[in-house]
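The values are calculated or read from the model by the stated rules, or taken from the named source; none is laboratory data. On a predicted model such as this, the values are computed, not experimentally measured, just so you know. Because the Cβ atoms are built from the backbone with ideal geometry, glycine has one as well, and the counts that use them run over all protein chains shown. Keep in mind that these areas ignore ligands, DNA and RNA; they rest on the heavy atoms of the full protein, side chains included. Shrake-Rupley method; radii C 1.70, N 1.55, O 1.52, S 1.80 Å.
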Amino acid sequence: MTEAEISMTPPLTPPPPPWSQQQQQEMDDIMMDSDSLDYLDFFTTDTEPSHTNNNPHQGGVDSVESTGVGAVWFNCQGLPSWGKDVTLGSYLASGCLSSLIHHNTPSISPLPPPPSILQLPPCTPDNIHYLIHHYFMAIRHGISELERGAQSSFTPSLTPAPHTTQYAQLREDVAIFFTHLAAYTHSLKERDELDFLKQVDECVLGLLRYLGPLHHLQGHVTTAASPQGNKCPSAAYHLFHLHLDVRWWSLALLHTLPDHLNPSSPLLHELPPPPGGGVGGETRGGGHESFRQCASLVVWDLLHLLAVPTVKAGSSEVEDLVRWPCGCCVELAMSLLHLLDHRATQHSTQSFWEEARNKLLVLLKLFNDSNHHTVSTNNNNNNTSPKPAALSSCPTTSLAIQCPSEVLRTGSLTHIWWFFYNLARLYVYDVNGNTKTQQSEVKVEPKLLRTLVRLTVGNPKINNTTTTTTTTNTKPSETQLRSALRCCVLLCGVWGPGGVSWEWVGPLWEHFSRRFNDSFTLPGANMEAHTTASRTVGGWVEEVQRLGRAVNAWEPQCTSWQFFVTLLAGVARGGGGGGSMGSGWRQVRGRVYSRFHSRLMGELSSTGLHHAASLFLTLATVTDPLDVITKLCELLVLVPSRGSSGRMRVVWRSFLACALLLVGAGADLTNLTHKFTPLVASVVTQYTAARDSSTRRELGQLLVVYAEGVQEVFEESPDLSLSQHTLLCGSLAPVLPQVGISELKAVLAMLHTALAKVLTLTRPPHSLHGDGSVLQNVVGVVWSEFGGFLRTHSLTLTPPRTLGEVAACLTLCLSHLPPPSSVPTTSTNTNNSSQSPPPPPPPRDAAHTLVTHFLTSEAVNTGCSLHYGSWLLEHMDGDNLPWSGLEGQLIASWLCALVTQGAQDKVQEMSQRLTALPGVANVLPGPVSCPYSLARSLIRGVADKFSHLQNFNERMTYRERASQYFNGLDRAGTTLLKKTPPPSHLSRAIDTIADILLHAHQLIYAKSNPKCALPSLMSGVFLAAAVYCTEKTLPPPLTSAMAPALPKVVRGLGSLGLSRDAYLQRCVKEIFTHYLPRYPASITSLLSPTATNNTSHHTSTTPSHPILVCLEEREDVSGGMVKELRTIFLEVVRDAFLTRRSTSNTHTQIALSLVNEGIERMWVGWVEECCSVLLLPLLEILLSLDDHNTKRCTTHLLKQLLCRAQQSASPPRETMVGAVTQLVARHLSWSSGQVFRVLRVTGVMYRTLVLDALPYITRAVTTTEEKRGTGLDNTLRQGYQSLLSTLGVNNDVYQVG
């Protein structure tokens, strides 16, 4: 605005509010003298105009955000959230920065009429033009008020409004003023208002100089930003954010000023000369000097804010604490970045990164000089040496701000690393504060990064124009190295693939290539951090694949070595040329391959070998795997095989990890196994020769590593066409009987996985098409090398569970393979021997051999057999069995295990799978859960199905198949009876066998087949040798278990027809003979004198004797069979207990009591049978009995028989008379007295019977006397006369001649 254009009339702005006369006088005094003390008093009294309605903010602002008058300031949301868009209400999100860059003004819309601010007239263009110094002076006084409020714990209340409202109002007023000032300067013409623009330049720089750098603020101000944002602002909070507001508006205003201004203000700040002369120096020349000074100050302030949280932190905490206190600082940094980059594009000035680089170089120079000074002082032992020039204050004017701050000057190299990263990652945001969707394109700084790397590893050389400074070659700590490399990884994430180059990774390689044996663990780390290797080979491969892609830099377990390997893999993957054979890979290949040789491999410890192998494995994942793995295998062979076990474990794991990578790449394993299998054979030889337990334990750990690694190779193999079978070293089989359980389990798991892979490839959706030799190679190796061990070790007492599963899997594999004629046989010799192994048997014959051994052999461990059968049932197709007899063998094996082991978990597991067999599923009535219930249902179902078959051929075929179900039960029963103490399931097992005899007797017995199952079951279980020793008592559990089973057995035998088979009769007789005295029977009724009075109402209170249960009539038992059994029983009582002289009196009493029990139960035809069979023996036993109780029992039973016979007239009296006459004929000549005594007793019981026999008795007396030839026998005749007297017969009628 020219002087001619100045109008004396009031400006065309809204009229100022009316002022009182006193207020107008105070305002005039302020305008006349800006240094007046009344200004501060006026500002702090918060005098308000009378028309308060014109100020839309008179009520205060509780949150810091954009206002209704177009002003915008930093809207703090707490801690910065990297990767998220900037929140609304901020400079970036409002579009002010974009408008400033594209339109040279921060205003995004027409501004409304300005209100009164800072207790001054509204900031209209005229007021701004003439009162600009007053506005800036008022801002200074407002800042002073904020500083006083921040210094005290409370502020005296000067206005009714809260102080937080006053502080927020002050920030808003400042933002409004700068908004209108920027709009006004943008509207001016440069040629007309050059003087005013210079004033703006001077005022802005003066205000910045008045504010000072952020490091002059007190600590509680710079840390006043709350993690929760502006929810509880304080004076310190508003003061800190006002500093940020002023810096942003200063940059915006100076950006809008013309380039050729030459302000007369002094330097804003000065700093020591940077390295390289003028690089980064603060010179006065050029039209952008004020802006450059302001931008430089803001960069220093941003660096200071990064360093503030680490003032009292340890070196290990720097990387987690180097961050800006709030998102507003990040927003200011992003605004400065885009503004500087825009100016660099338009005016060829320094970009943000060049500005930041210069500052970092200054800090590096300070750090290097300070470090060199410290070393020189220690070397010279001089503690009074002068302070280095870099740390002394540089010559400056009294108004210049001193930069960098003391916090930055005393920072460590770790601080500079994280300054570097935090500045670099600002490029992830665009000009509007939104995160970029694509990779950031930022100028890479390899030289600066190389400098940092060389300073970190301890051997840098930084050349200045005048001197060369070299630090000591000190070894950095793991904390420092890890922090630096973590920062490198994060920088690569910002820069993209193009940021990784050998230029700065090379010094890292020179450092780490001499530290292979270091552990790279942080001090105070937990046990997990001290673990340098994964527990499995697959885990190791996953780890190196992760290192090849990119590690998560914030994982606490990552070491500096892992970070370095990731960086080296990045160079090899795409650095410099792209592809696996680019220039980056050629550089890495040459450096890495040349470093390793035989001497180095011999010097490496187990940790060093693991690091070297990890390096090669990582390179194999990102480049040419075949080339890298070939080189690694060549180096592993150079490691002495007689070294420590730890080194050999790493070597073996490395070979197996290589095999995993080759399988993943689809490469053949033959070359690798040719180098690896000799190592396995050597260790097996050492294990066999070793006698020391510790040596065997170490060698056994190698075998575990081998087995687990090979197992993982087979698990990860999509097919078996890569010579995986060569990894199955046959030399391992002979040593397996000597190894421990852990080694054995690992080897069995390896074999199981290999066979399971074969089994998978033989089933849909896979198919055995084409040449099947690939699969037969694996099966052939397992069968020929390990088949014998599987069979032998199954005979031990405690074979592992996996052994049965491996054998079952091998059985299925053999059964699925085609015969040898259709598949060419290949050599399975993996020991490099000159002799080829013998050709294996046909697959089906070998499978049948395994089934026969594991399912039918008595010597095989029962648990192993169960696991074998369970695995077969689980994995084979029940509708398509390999051969017909397999079903019967599985069922028989299960029944035998059920008998010997009971319903254990193994048996239950097999029971659940057994129901899938067609022969079982077709006969079951429904689902069953208990194994014994399943066995009972199976037995009954098989018997019912057989009974319903009508065709003779079908019956014979089915009997032949079903009889296989019960093979081996005799041996199982014998084993069960020999167990001491008797098992708890003894009764249920015997009952199951009895059910077989009861229901399936037609299936297990054929008179023409002496090898049928019934005779062996009888001789092995129910008529065992112990049963025949009647003088020895059976164990009570066995006796109680046999009680319910014997009736089933007897009825089952009786159902076969006893009259037509002498063997069956003999079995039943032996059961009656040997089990009758083993169970107690009640003889009370025989000894009680009143027993005869209650015979018709007898109720037994004692448990039924099992023999009596056999003789009872039942609905499911035919009457003819019961009659046969009763007849056999009476014959047994007669022959074994009444007529046998050696029989115990107790046994005789039991037999008599059972006969009497039948009488009392009034069995049909029982009395007749007893009289026919037992009358004569009872009469004869009375002749010679001496035992009183036995005599009483016999007499009572005789009385019962005679009474019942007399009542029922059955049997015919002639039959009974015959028994009496036989008694007289046999014994009258020798025991006449006893005969007549028995006859007298009988006559009392049944007088008619004796009377009918009296004629024969009379003739017998005469015949006896005649035979003797001695004439009359007085004793004989006296006995005869006493009999007649007892009978009440007249002697004349029966007079003896």
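Considering only residues in segment 1248-1274 that are of a type in the set (D, E, K, R) and buried (at least 16 other Cβ atoms within 10 Å of the Cβ), the one that is nearest to the chain's Cα centre (by Cα) turns out to be D1252. Here L976 passes the criteria (1) of a type in the set (A, V, I, L, M); (2) touching a Gly at 6+ places or on another chain (Cβ under 6 Å); (3) within 21 Å of L1014 (Cβ to Cβ) except the one numbered (2).
What about G709, is it under 30 Å from T796 (Cα atoms), of a type outside the set (A, V, I, L, M) and buried (at least 18 other Cβ atoms within 10 Å of the Cβ)? Yes. Out of R696, R649, R691, one residue alone is in a loop (DSSP other than H, G, I, E, B) and open to solvent by 10 Å² or more (accessible area, probe 1.4 Å). It is R691. For segment 1108-1118, the candidate set comprises residues that are modelled with pLDDT of 90 or more and under 60 Å from the mean Cα position of the chain (by Cα); within that set, the residue that is least open to solvent (accessible area, probe 1.4 Å) is C1110.
The residue that is farthest from the chain's Cα centre (by Cα), counting only those in segment 1151-1172 that are buried (at least 21 other Cβ atoms within 10 Å of the Cβ) and of a type in the set (V, I, T), is V1167. Checking the stated criteria, S226 turns out not to satisfy the condition of being in contact with a helix residue (DSSP H, G or I) (Cβ under 6 Å, 6 or more places away or on another chain), surrounded by fewer than 21 Cβ atoms within 10 Å (Cβ to Cβ), modelled with pLDDT under 65 and not acidic (D, E). Need pairs with beta-carbon distance below 9 Å; first residue closer than 17 Å to E510 by Cβ and at pLDDT below 85 and within segment 561-582, second part of a helix (DSSP H, G or I) and among the hydroxyl-bearing types (S, T, Y); sequence gap 6+ or separate chains. From residues that are closer than 17 Å to E510 by Cβ and at pLDDT below 85, the pairs are G575/S583.
For the subset of segment 980-1016 comprising residues that are basic (K, R) and in contact (Cβ under 8 Å) with a residue 24 or more places away in the chain, which member is surrounded by the fewest Cβ atoms within 10 Å (Cβ to Cβ)? Result: K1007.
None of E858, E874 is at pLDDT below 90 and either part of a helix (DSSP H, G or I) or within 38 Å of the chain's Cα centre (by Cα) (or both) except E874. Which one of these is on the phi < 0 side of the Ramachandran plot, modelled with pLDDT of 80 or more and of a type in the set (D, E, K, R): D173, D192, D259? After ruling out the rest, the residue left standing is D173.
Within segment 810-853, the set of residues being more than 12 Å from G787 (Cβ to Cβ), open to solvent by less than 30 Å² (accessible area, probe 1.4 Å) and either modelled with pLDDT of 90 or more or aliphatic (A, V, I, L, M) (or both) comprises L812, L817, V823, V851. I'd like to check something: does segment 453-461 contain any residue that is part of a helix (DSSP H, G or I), surrounded by 17 or more Cβ atoms within 10 Å (Cβ to Cβ) and modelled with pLDDT under 85? Among the residues of segment 453-461, not one is part of a helix (DSSP H, G or I), surrounded by 17 or more Cβ atoms within 10 Å (Cβ to Cβ) and modelled with pLDDT under 85, which makes the answer no.
Segment 886-957 holds helices (runs of 4 or more DSSP H) entirely within its bounds, and those carrying 3 or more residues that are open to solvent by less than 30 Å² (accessible area, probe 1.4 Å), of a type in the set (G, A, S) and more than 20 Å from P983 (Cα to Cα) map to 931-948. If you go through segment 712-723 and pick out every residue that is open to solvent by 10 Å² or more (accessible area, probe 1.4 Å) and not in a loop (DSSP other than H, G, I, E, B), you end up with 3. Of the residues making up segment 724-741, not a single one is free of Cβ contacts under 8 Å to residues at least 40 places away in the same chain, surrounded by fewer than 22 Cβ atoms within 10 Å (Cβ to Cβ) and touching a Phe, Trp or Tyr at 6+ places or on another chain (Cβ under 9 Å). Is there a residue in segment 387-402 that is open to solvent by less than 40 Å² (accessible area, probe 1.4 Å), modelled with pLDDT of 55 or more and part of a helix (DSSP H, G or I)? Within segment 387-402, none of the residues are open to solvent by less than 40 Å² (accessible area, probe 1.4 Å), modelled with pLDDT of 55 or more and part of a helix (DSSP H, G or I). Screening segment 1119-1143 for residues that are without any contact (Cβ under 8 Å) to a residue 24 or more places away in the chain and open to solvent by 70 Å² or more (accessible area, probe 1.4 Å) and picking the one that is nearest to Q1065 (Cα to Cα) gives D1135. Restricting the search to segment 663-688, which residues are assigned to a loop (DSSP other than H, G, I, E, B) and farther than 21 Å from L635 by Cβ? Selection gives G666 alone.
Under the condition of being outside any helix (DSSP H, G or I) and in contact with a helix residue (DSSP H, G or I) (Cβ under 6 Å, 6 or more places away or on another chain), the residues counted in segment 1158-1187 number 2. In segment 478-521, the residue that is modelled with the lowest pLDDT out of those that are hydroxyl-bearing (S, T, Y) and open to solvent by 20 Å² or more (accessible area, probe 1.4 Å) is T521.
If you go through segment 671-685 and pick out every residue that is of a type in the set (S, T, N, Q) and open to solvent by 40 Å² or more (accessible area, probe 1.4 Å), you end up with 2. Taken over segment 1032-1073, residues that are closer than 23 Å to K979 by Cβ and not in a helix (DSSP H, G or I) amount to 4. Checked against the criterion of being over 23 Å from E874 (Cα atoms), at pLDDT below 80 and in contact with a Leu (Cβ under 8 Å, 6 or more places away or on another chain), segment 756-770 has no qualifying residue.
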